[in-house]
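Engineer: One structure coming up, written as structure tokens, with questions to follow.
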Amino acid sequence: MRLSLYQVDAFSSRVFGGNPAAIVPLEIWLPADTMQAIAAENNLSETAFFVREGDGWALRWFTPTVEVDLCGHATLASAFIIFTKIASERDSVRFDSKSGPLTVTRQGDLLALDFPSWPPEPCPMPDGFAASMGKAPSQLLSARSYLAVYEHEEDVRALAPAMDRLAALGRSVIATAPGTSCDFVSRYFAPGKGIPEDPVTGSAHCTLTPYWAKRLGKTKLTARQISRRGGELVCEDQGARVSIAGRAALYLEGTIHV
């Protein structure tokens, strides 16, 4: 079987930045173990598969080791491929997913994700958390991931977590702090899901956006994920939903044989 494959750098206006995602458009769903094997072979943080359903598409995401229920950068990358390769006349794309309906809309040169809001709540700090991160946060909160809040951007840049210890905690971790040239910065660690550090994590901003909107008293926010590759996001708190916008660049277009 021959399948088209695209590699897109999401949340970046240039190749070699942002977060790379592999995108595989399908006519019909493949067996889950085949999609997981493709994702493992691609060895990127996410591989997305989509199938046309009516006026929209059904969308699924796989890390190299597991299927996940939401991924921001691979959703943005999937919409980019639809806008540029499949349905260029469209201004919006609707996906059905394990996290419900997701819409991506063109906003000039930005693509804006309409995602659920996951506000964090304060939580106790697990034993060994500070040692796992290498530095204790000033506050720890929890939503679908831990949210570790630090005082300064340089605190987040300097983190060098012990990935084996972090994986043993059983939760992914978002580290965040006020930004020096944007509203806030973050890094994202998920070694338990096969992703030691994700370059740019759209879904993390489902938690970051409501947290920083409340803390800063503003609904529109600029953000940077300060991984080695780095990425830029424009976020808006909309109550039960968040808008997470960014750019994308096509790196690779090819065919895989399975």
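The values are calculated or read from the model by the stated rules, or taken from the named source; none is laboratory data. Keep in mind the model is a prediction, meaning the values are calculated, not measured. Cβ coordinates were reconstructed from backbone atoms using ideal geometry, including for glycine residues, and neighbour counts include every protein chain displayed.
Engineer: Which residue is surrounded by the fewest Cβ atoms within 10 Å (Cβ to Cβ), if the candidates are limited to the range 191-218 and must be out of contact with any Gly (no Cβ under 9 Å at 6 or more places or on another chain) and of a type in the set (Val, Ile, Thr)?
Structural biologist: 195
Engineer: Output the residue which, of all residues in the range 68-85 that are exposed (fewer than 15 other Cβ atoms within 10 Å of the Cβ) and modelled with pLDDT of 95 or more, is farthest from residue 114 (Cα to Cα).
Structural biologist: Looking at residues that are exposed (fewer than 15 other Cβ atoms within 10 Å of the Cβ) and modelled with pLDDT of 95 or more, I get 85.
Engineer: What number of residues within the range 175-190 satisfy the criterion of being farther than 17 Å from residue 237 by Cα and either of a type in the set (Asp, Glu) or modelled with pLDDT under 95 (or both)?
Structural biologist: 1
Engineer: Look through the range 1-38, keep the residues that are β-branched (Val, Ile, Thr) and more than 30 Å from residue 187 (Cβ to Cβ), and return whichever of them is surrounded by the most Cβ atoms within 10 Å (Cβ to Cβ). Walk me through how you get there before you give the answer.
Structural biologist: Here is the first cut: in the range 1-38, the residues β-branched (Val, Ile, Thr) are 8, 15, 23-24, 28, 34, 38.
From what's left, more than 30 Å from residue 187 (Cβ to Cβ): 28, 34.
Working: 28: 6, 34: 13.
Among residues in the range 1-38 that are β-branched (Val, Ile, Thr) and more than 30 Å from residue 187 (Cβ to Cβ), the one surrounded by the most Cβ atoms within 10 Å (Cβ to Cβ) is 34.
Engineer: May I pose another question? Residues 159, 169: which one is farther than 19 Å from residue 143 by Cα and more than 19 Å from the chain's Cα centre (by Cα)? Give the derivation first.
Structural biologist: Numbers: 169 fails: farther than 19 Å from residue 143 by Cα.
Within the list 159, 169, the selection yields 159.
Engineer: Next up: Only residues that are modelled with pLDDT under 95 and either assigned to a strand (DSSP E or B) or surrounded by 12 or more Cβ atoms within 10 Å (Cβ to Cβ) (or both): list them for the range 104-113, please.
Structural biologist: The one that is modelled with pLDDT under 95 and either assigned to a strand (DSSP E or B) or surrounded by 12 or more Cβ atoms within 10 Å (Cβ to Cβ) (or both): 107.
Engineer: Modelled with pLDDT under 95 and among the small types (Gly, Ala, Ser): does that describe residue 117?
Structural biologist: Details: modelled with pLDDT under 95: no; among the small types (Gly, Ala, Ser): yes.
Considered against the rule, which asks whether it is modelled with pLDDT under 95 and among the small types (Gly, Ala, Ser), residue 117 comes out as no.
Engineer: Of all the residues that make up the range 167-189, how many are touching an Asp or Glu at 6+ places or on another chain (Cβ under 7 Å) and in contact (Cβ under 8 Å) with a residue 40 or more places away in the chain?
Structural biologist: Number of matching residues: 4.
Engineer: May I pose another question? State the number of residues belonging to the range 39-65 that are at pLDDT 95 or above, among the β-branched types (Val, Ile, Thr) and surrounded by fewer than 19 Cβ atoms within 10 Å (Cβ to Cβ).
Structural biologist: Qualifying residue count for the region: 1.
Engineer: Return the total of residues in the range 120-165 being of a type in the set (S, T, N, Q), surrounded by 13 or more Cβ atoms within 10 Å (Cβ to Cβ) and under 30 Å from residue 240 (Cβ atoms).
Structural biologist: So in the range 120-165, the residues of a type in the set (S, T, N, Q) come out as 132, 138-139, 142, 145.
Among the residues that remain, those that are also surrounded by 13 or more Cβ atoms within 10 Å (Cβ to Cβ) are: 132, 139, 142, 145.
After this cut, where a residue has to be under 30 Å from residue 240 (Cβ atoms) as well, the list is 139, 142, 145.
Total meeting the criteria: 3.
Engineer: Which count do you get for residues in the range 86-137 that are over 19 Å from residue 170 (Cα atoms), touching a strand residue (DSSP E or B) at 6+ places or on another chain (Cβ under 8 Å), in contact (Cβ under 8 Å) with a residue 60 or more places away in the chain and not small (Gly, Ala, Ser)?
Structural biologist: Counting residues in the range 86-137 that are over 19 Å from residue 170 (Cα atoms), touching a strand residue (DSSP E or B) at 6+ places or on another chain (Cβ under 8 Å), in contact (Cβ under 8 Å) with a residue 60 or more places away in the chain and not small (Gly, Ala, Ser) gives 8.
Engineer: Follow-up. Which pairs do you get when a residue that is among the β-branched types (Val, Ile, Thr), found in the range 144-161, comes within reach of a residue that is crowded, with 17+ Cβ neighbours inside 10 Å, reach meaning Cβ atoms under 6 angstrom, with the pair 6+ apart or on two chains?
Structural biologist: That search, which allows pairs on different chains as well, returns 149/137; 149/176; 156/150; 156/175; 156/177; 156/185; 156/187.
Engineer: Out of the residues in the range 53-67 that are in contact with a helix residue (DSSP H, G or I) (Cβ under 8 Å, 6 or more places away or on another chain) and without any contact (Cβ under 8 Å) to a residue 60 or more places away in the chain, which is farthest from residue 38 (Cα to Cα)? Give the derivation first.
Structural biologist: Initially, the range 53-67 is screened for residues in contact with a helix residue (DSSP H, G or I) (Cβ under 8 Å, 6 or more places away or on another chain), giving 57, 59-67.
So of that shortlist, the ones also without any contact (Cβ under 8 Å) to a residue 60 or more places away in the chain come out as 57, 59-62, 67.
Details: 57: 20, 59: 15, 60: 13, 61: 11, 62: 9, 67: 12 Å.
So the residue we want is 57.
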